[in-house]
Structures are given as C-alpha cells and as structure tokens.
Amino acid sequence: MAAYPGTFDPITLGHVDVVQRGLKLFDSVIIGVAENVQKKPHFPLETRLQMVSSVFATESRVKVSPFCGLLVDFAKQSNSCAILRGLRAASDFEYEFQMATMNRRLNTSIETVFVMAREEYTFVSSSFIREIHNMGGDVADLLPAGILEHLQKNR
Ligand code: ADP
C-alpha cells in the first residue's frame, strides 16, 4: 500500500494519472485528502472527499480517506510502506524535496516515491484549473468526469 496525500481542490486528470502510475508499483493506493486549513481550500473537505471517491468508485485497489496531522502517521496507520507524490516541473522539486527529507527524518521506514504524470498534464494544477474556469476558459478535458459540475456549482 502507498499513501497518496494531497489537497485535491479539485481532483484533476494529473492526480488520476499519478494514482494509476502508483497502482503499477503498489498493490493498492490510499488517497489522503488533506484538511489543509492553512491552504484555505476552495472546496470544503467533504466535497473534496466526495469528488475523489466518485472518481475511483469502481477501482477496488484505491481507498480514500480524510487526513490531518502528520503524513507519516497517516501512512503508518494505513499500513503504507511508501508515500506517493507527483512531480511536474522543477518548481515542484524544492518543496517536495523538503517534505520527503523531513518525512524520512520522522519515519525512516517509509519511502517517498515520485512519479511523473503524462506530458499533457505537466502544466495542470488544481489552482490553475479553478482560475481558468472562473475566467470562462474550457478545462473540461483536464478533469475527470463529474468534476466540472462541482466547479460550475461552486464558482
Ligand atoms: P498538495 O497541497 O499536497 O500539493 P495537491 O492536490 O496540489 O496537494 O497535489 C498532490 C500531489 O499531486 C503533489 O505531489 C503534486 O505534485 C501532485 N500533482 C498534482 N497535479 C499533478 C500533475 N498534473 N502531474 C503530476 N503530479 C501532480
């Protein structure tokens, strides 16, 4: 099992791609939807959980859970041997490097594993999608089925 944490505000096809790559490496993936109050998410935790769960409703190897507190504790409680993260551009690296190093200090038995999503998704982030959508841009082909409706409701 690998734990894939994130804010998923909202879930994008970039996230889905990361999960699919994780499933090639691990028997299952538990997606930890972070409460992340300090990031002031656009969607409430309940909605973000609902969106992520609906995307993976038919994938028995994917579990979805809310989480707050230390990521290494979430990983340990879910019996995960690894933390799964995605890397887009070099700009992701500094933060991810800092987080992976800190998590290794906190728990040496949990490895952080990075995967790269398809090139088409390297520029995709939840915040960018929300911004483009709010300005009237078409983001439908960057979102899993059913997520655009949430954006339209929550404009
Ligand atoms: P966080 O607030 O923890 O960064 P996000 O939901 O923004 O939460 O992202 C969760 C993880 O998914 C991060 O590792 C991020 O780099 C990765 N990720 C998000 N979008 C993409 C994408 N388009 N391609 C690859 N990785 C991605």
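The values are calculated or read from the model by the stated rules, or taken from the named source; none is laboratory data. None of these values were measured; they are calculated from a predicted model. We place every Cβ from the backbone using ideal geometry, glycine too, and count neighbours over all the protein chains shown. To get the accessible areas, we keep the full protein, side chains included, count just its heavy atoms, and leave off ligands, DNA and RNA. Shrake-Rupley method; radii C 1.70, N 1.55, O 1.52, S 1.80 Å.
The residue of region 47-101 that is nearest to the ligand (Cβ to nearest atom), among those that are farther than 20 Å from Thr12 by Cα, open to solvent by 60 Å² or more (accessible area, probe 1.4 Å) and in contact (Cβ under 8 Å) with a residue 60 or more places away in the chain, is Cys81. In summary, Tyr121 fulfils each of the numbered conditions (1) near the ligand (Cβ under 9 Å from one of its atoms); (2) more than 30 Å from Lys153 (Cβ to Cβ); (3) surrounded by 15 or more Cβ atoms within 10 Å (Cβ to Cβ); (4) hydroxyl-bearing (Ser, Thr, Tyr) with the single exception of condition (2). If the condition is being aliphatic (A, V, I, L, M), loosely packed, with under 15 Cβ neighbours inside 10 Å and closer than 22 Å to Thr112 by Cα, then region 20-46 contributes only Leu25. Looking across region 119-155, the residues that are under 19 Å from Val18 (Cβ atoms) and of a type in the set (S, T, N, Q) come down to Thr122, Ser125, Ser126, Ser127.
Evaluation of Asp17 against the conditions (1) within 11 Å of the chain's Cα centre (by Cα); (2) open to solvent by 30 Å² or more (accessible area, probe 1.4 Å) shows that the sole unmet condition is (2). Among the residues of region 102-118, just one is more than 16 Å from the chain's Cα centre (by Cα), among the hydrophobic types (A, V, I, L, M, F, W, C) and within 14 Å of the ligand (Cβ to nearest atom), namely Met102.
Being modelled with pLDDT of 95 or more and either of a type in the set (Gly, Ala, Ser) or touching a Leu at 6+ places or on another chain (Cβ under 8 Å) (or both) is true for just one of Ser91, Ser80. Which residue is that?
Working: Ser91 fails: modelled with pLDDT of 95 or more.
From the options Ser91, Ser80, the qualifying one is Ser80.
If only residues of region 126-140 that are open to solvent by 30 Å² or more (accessible area, probe 1.4 Å) and touching a residue at least 60 places away in the same chain (Cβ under 8 Å) are counted, the one that is farthest from the ligand (Cβ to nearest atom) is Arg130.
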